[in-house]
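This report concerns only the one structure given below.
What follows is calculated from the coordinates using simple rules that are stated; it is not laboratory data. Remember, predicted model here, so these are calculated numbers, not experimental data. Neighbour counts run over all protein chains shown; Cβ positions are idealised from the backbone, glycine included.
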Amino acid sequence: MISLKGIKKIYSTGDIEVAALRGVDLQIDAGEFVAITGPSGSGKSTMMNILGCLDRPTSGEYFLDGADVARATGTQLAEIRNRKIGFVFQGFNLLPRTTALENVELPMLYAGVPAKERRERAIDALESVGLGDRIHHRPKELSGGQQQRVAIARALVTKPAIILADEPTGNLDTKSSIDVMAIFQKIHSEGNTVLIITHEPEIVQYTRRVIYFRDGAVEGDKLVENPRNAA
Ligand code: ADP
Ligand code: ADP
């Protein structure tokens, strides 16, 4: 599903060069539930931007579900991103004036899905994250945890190859964080590939595999021995 070989990312500002990633090799299979973690400055955000096809590596190979990301042009990169990745962000990124249902329908509108099917699939997705009774609520009428569940439904609804979540519990209290991890565990159990970037050690324990970054390189990669059950 994801194959990275020798990924380097160098940021140049004036004469100063920062090596944010120094040669990352990584394989992630379809259906895995993975956390990328590590201290501040270790390269997590840079890795997220490359995995999410928001930025390209300076060198190295990246194949995502058959697509050659490292060699893609800007237009191709956007197309790969739209087709293959469902994003979940720390700040939810929902449209404030529209309902949960409309927020979840939106990516299907861009993908050209007919109106009736959009509605049916959005309702299914909201039911699958436990919000079947909140579909007409606007973001400000929902709790943080509920808003993040709307964002997960929106990420899922286009059936992406991977769900990529960037600090998805960063704005949530402990109980809402656990609710959100329960939803990720559920969608993983339904066969989805889920990748979470987090600096929170407790959150890592709800996933199945943890990849630990330090100084722009993978320092550890291991299965979570007794994954915590959030349900
Ligand atoms: P993390 O998300 O783990 O905190 P980052 O990927 O944000 O790590 O940063 C990795 C390194 O790259 C840090 O040294 C950071 O200062 C540097 N860096 C990140 N983004 C940029 C940028 N746009 N320009 C220059 N340096 C950057
Ligand atoms: P703690 O030491 O409390 O576990 P850390 O921030 O060091 O907190 O670790 C966060 C997560 O990453 C934990 O699940 C830990 O087991 C894992 N981890 C820490 N260091 C490594 C490493 N070198 N290789 C693999 N996993 C690691």
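Structure above, values below:
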read-out: Surface/4 of the Cα convex hull for the range 1-110, nm²; value: 8.9 nm²
read-out: Three-way shape call for the range 11-69 based on the alpha-carbon gyration tensor, with the a/c threshold at 1.5; value: oblate
read-out: Under-5 Å amide H pairs with Arg134, H placed in peptide plane, nonlocal only; value: none
read-out: Global geometry of the chain, whether rounded, prolate or oblate, following the gyration tensor of its Cα atoms and the 1.5 cut on a/c; value: prolate
read-out: Residue-span extension gain [Asp68 to Glu17] - 0.36 nm each, minus C-alpha spacing; value: 15.7 nm
read-out: Ascending count of other beta-carbon atoms within 10 Å, so fewest first, for Met181, Met108; value: Met108, Met181
read-out: Exposure proxy ranking, count of Cβ atoms within 10 Å, fewest first, for Lys9, Lys222; value: Lys222, Lys9
read-out: Phi-based couplings in Hz for the range 18-23 (Karplus 6.51, -1.76, 1.60; Gly and Pro marked x); value: 10, 8, 7, 10, 10, x
read-out: Label-point separation, Leu223 to Asp173 (7 Å along Cα→Cβ), nm; value: 3.7 nm
read-out: Dipole magnitude (debye, nearest 20) for the chain, charges at Cβ of Lys, Arg, Asp, Glu; value: 400 debye
read-out: ³J(HN,Hα), Karplus 6.51/-1.76/1.60, whole Hz, each residue of the range 215-231, x for Gly, Pro; value: 6, x, 9, 7, 9, x, 8, 8, 6, 6, 5, 10, x, 6, 9, 8, 6
read-out: Under-5 Å amide H pairs with Thr193, H placed in peptide plane, nonlocal only; value: Gly31, Ile163
read-out: Residues with amide H under 5 Å from that of Arg214, placed H, sequence gap 5 or more; value: Glu219
read-out: Qualifying lysines (Cα of each under 26 Å from Cα of Lys44; at least 8 residues distant if same chain); value: Lys5, Lys8, Lys9, Lys84, Lys159, Lys175, Lys186, Lys222
read-out: Simple label model, 7 Å out from Cα along Cβ direction - Ala78 to Ala182, nm; value: 4.0 nm
read-out: Under Karplus coefficients 6.51, -1.76 and 1.60, residue-wise ³J(HN,Hα) of the range 188-195 in Hz, glycine/proline x; value: 5, 5, 8, x, 7, 8, 10, 10
read-out: Estimated [θ] at 222 nm from DSSP helical runs (n ≥ 4, -39500 (n - 2.57)) normalised by residues in the chain, nearest 500; value: -10000 deg cm²/dmol
read-out: Rough spin-label spacing in nm, given labels placed 7 Å along Cα→Cβ, for Lys116 and Asp215; value: 6.2 nm
read-out: Proximal aspartates and glutamates relative to Lys140, as straight alpha-carbon distance under 19 Å, when same-chain residues fewer than 8 apart are discounted; value: Glu102, Glu105, Asp173, Asp179
